[in-house]
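Worksheet: the structure to be examined is printed underneath.
Just so it is clear, none of the values below were taken in a lab; they were calculated from the coordinates. Note that the structure is a prediction, hence the values are computed from the model and not measured. Neighbour counts are summed over all protein chains in view; Cβ atoms, including those assigned to glycine, are modelled from backbone coordinates with ideal geometry.
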Amino acid sequence: MLVSHALPLQPLTQPSAVAFGNFDGLHIGHRALLAHLRAEADRLHGPLIVVTFEPHPLRILKPERAPAAIDTLDGRLAYLTLLGVDHVFMLHFDAALAEVPAGVFARDWLCGLLNGRAFAVGPEMHFGHLRHGDVSLLRAIAEETAGHVEVFGGVLWDGARVSSSRIRHAIRDGEVELAEHLLARPFCLRGNVVHGDARGRTIGFPTANLEAPGQVLPRNGIYAGVAGVNGAFHDAAISIGTRPTFDGEETRTEAYLLDFSGDIYDKPMDLHIVARLRDEWKFADLPSLIAQINQDVVDTRRIMADRRTRGLQP
């Protein structure tokens with residue numbers, strides 16, 4: 001998959017199928033839309049193109065309303081590759097881009113430079129300066145060059161439409177199992193292992209402290225999951241919270257990697273979170289805390305073994 005950070009200077013020679021938007025999380029609704037456009041690209045004998053933006057437009061237009069990300073930029077690009085996208089145009093969203101008229105974006109960029117002939121969009125899609133562009137405008141412009149626009153109603157799960165907002169709410173509520181259904185994979189925090197206060201090591205449970213700035217965090221509590229680090233995967237009991245037993249105040253994400261020893265400070269780590277075990281509790285003493293952590297490890301082993309039996313990844 002090609003990734004470009006600017007539009008081409010000359011129009012592409014092959015007709016293309018084009019999707020545009022933020023695509024945070026690449027959930028099952030996104031996947032269905034891209035599968036439809038993959039078929040359209042094959043029919044056109046051209047590429048499937050995604051136009052997306054970094055940072056999220058709301059971080060420039062209305063920072064107070066900008067959502068925390070479900071996934072990182074690298075995560076989004078990795079899943080776009082797996083979904084059969086041929087070319088991603090990753091446009092830097094700034095004040096100048098926000099001023100581009102809807103007609104210019106659709107006629108000159110999408111249909112012109114990208115040679116877009118097939119589009120799939122949501123019914124409430126808007127684009128361009130002040131969000132003046134809509135389905136009707138895109139359809140009228142596409143028809144000028146014999147293109148067409150498919151209005152994609154999305155995918156329902158449990159009677160409600162799948163969306164990035166719904167997934168963020170599920171994660172914040174600690175409903176990571178629901179998030180996995182909507183994403184078709186476990187929710188993943190990505191970042192670097194940073195130095196903590198090494199308190200876990202003193203009680204027999206050394207943890208890797210993950211710093212994943214910008215991503216939405218699950219509700220404070222204890223979770224089961226898998227840590228990917230140094231090219232290997234390790235089952236992990238995960239704590240997200242303030243460590244009330246030690247009167248902590250700062251929210252931290254800490255992973256106890258089962259059956260692992262080694263130095264992974266400053267290493268990148270992906271933390272796939274698959275199940276919520278319990279709330280975060282304050283214990284009266286260290287023996288009570290240690291006993292509960294041992295039980296959390298037992299529960300993590302059971303959950304991850306069950307997932308492997310059912311062929312679930314990670």
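A Gaussian network model of the chain, with springs between Cα atoms under 10 Å, assigns the largest mean-square fluctuation among Ile203, Ile28, Ile273 to Ile203. So for the stretch 186-309, what percent of the C-alpha to C-alpha distances run longer than 20 Å? That tail contains 37 percent of the Cα-Cα pairs.
Tally Lys and Arg at +1 and Asp and Glu at -1 over the other residues with C-beta under 15 Å from the C-beta of Ala142: what net charge comes out? Spelling it out: positives minus negatives among the neighbours equals -3. A helix-only calculation puts the chain at -8500 deg cm²/dmol for mean residue ellipticity at 222 nm, using -39500 (n - 2.57) for each DSSP H run of at least four residues, averaged over all residues. Convert 10 °C to kelvin, take the viscosity as 1.306 mPa s, use the Kirkwood radius over C-alpha pairs of the stretch 7-104 as Rh, and evaluate the Stokes-Einstein diffusion coefficient in µm²/s, rounded to a whole number. In µm²/s, the coefficient rounds to 109.
Arg172 to Asp158: extension gain in nm, 0.36 nm per residue of separation minus the Cα-Cα distance?
Numbers: separation 14, 0.36 × 14 = 5.04 nm, distance 1.88 nm.
Result for the pair: 3.2 nm of gain on full extension.
With only Lys, Arg, Asp and Glu charged, each at its Cβ (+1 for the first two, -1 for the last two), find how big the charge dipole of the chain is about the Cα centre; round to the nearest 20 debye.
On the way: 31 positive and 38 negative charges, 93 e Å.
That gives the chain a dipole magnitude of about 440 debye.
Taking each residue as 0.36 nm, the span from Val151 to Ala96 lengthens on full extension beyond its C-alpha to C-alpha distance by 17.0 nm.
Indicate, rounded to the nearest 5 percent, the antiparallel portion of the DSSP beta bridges found entirely in the chain.
Working: 38 of 59 bridges.
Around 65 percent of the beta bridges assigned by DSSP in the chain are antiparallel ones.
Consider all pairwise Cα distances in the stretch 185-234 and report the whole-number % of them above 12 Å. Spell out each step's value before the answer.
Values: 901 of 1225 pairs.
In whole percent, the share of Cα-Cα pairs in the stretch 185-234 beyond 12 Å is 74.
The alpha carbon centroids of the stretch 239-303 and the stretch 214-229 are separated by 10 Å.
In the stretch 2-157, the DSSP beta bridges split such that about 5 percent are antiparallel, to the nearest 5. Computed with the Debye formula from one identical point scatterer per Cα of the chain, without solvent, the log10 of I(q)/I(0) at q = 0.07, 0.08, 0.10, 0.12 Å⁻¹ comes to -0.34, -0.43, -0.64, -0.85. Can you give the FRET efficiency for His132 and His181, using 1/(1 + (r/R0)^6), R0 = 41 Å, r = Cβ-Cβ distance, to the nearest 0.05? With R0 = 41 Å, the Cβ-Cβ based efficiency is 0.70.
Within the stretch 229-249, whose backbone N sits under 18 Å from a point 7 Å along Cα→Cβ of Val298? Under cut-off, by backbone N: 236-238.
Here is the P(r) of the stretch 79-211: all C-alpha pair distances, binned every 5 Å from 0, give 2, 8, 12, 13, 15, 14, 12, 9, 6, 4, 3, 2, 1, 0 in whole percents. In the chain, excluding the sites themselves, the longest stretch lacking any of the GluC sites (Glu not before Pro) that are in a DSSP loop with at most 14 other Cβ atoms within 10 Å is 145-248. Cβ-Cβ distance of Val3 and Leu113, R₀ of 25 Å, FRET efficiency by 1/(1 + (r/R0)^6): the value works out to about 0.95. The stretch between Leu258 and Leu61 holds 66.6 nm of extra length on full extension. This uses 0.36 nm per residue minus the Cα-Cα distance.
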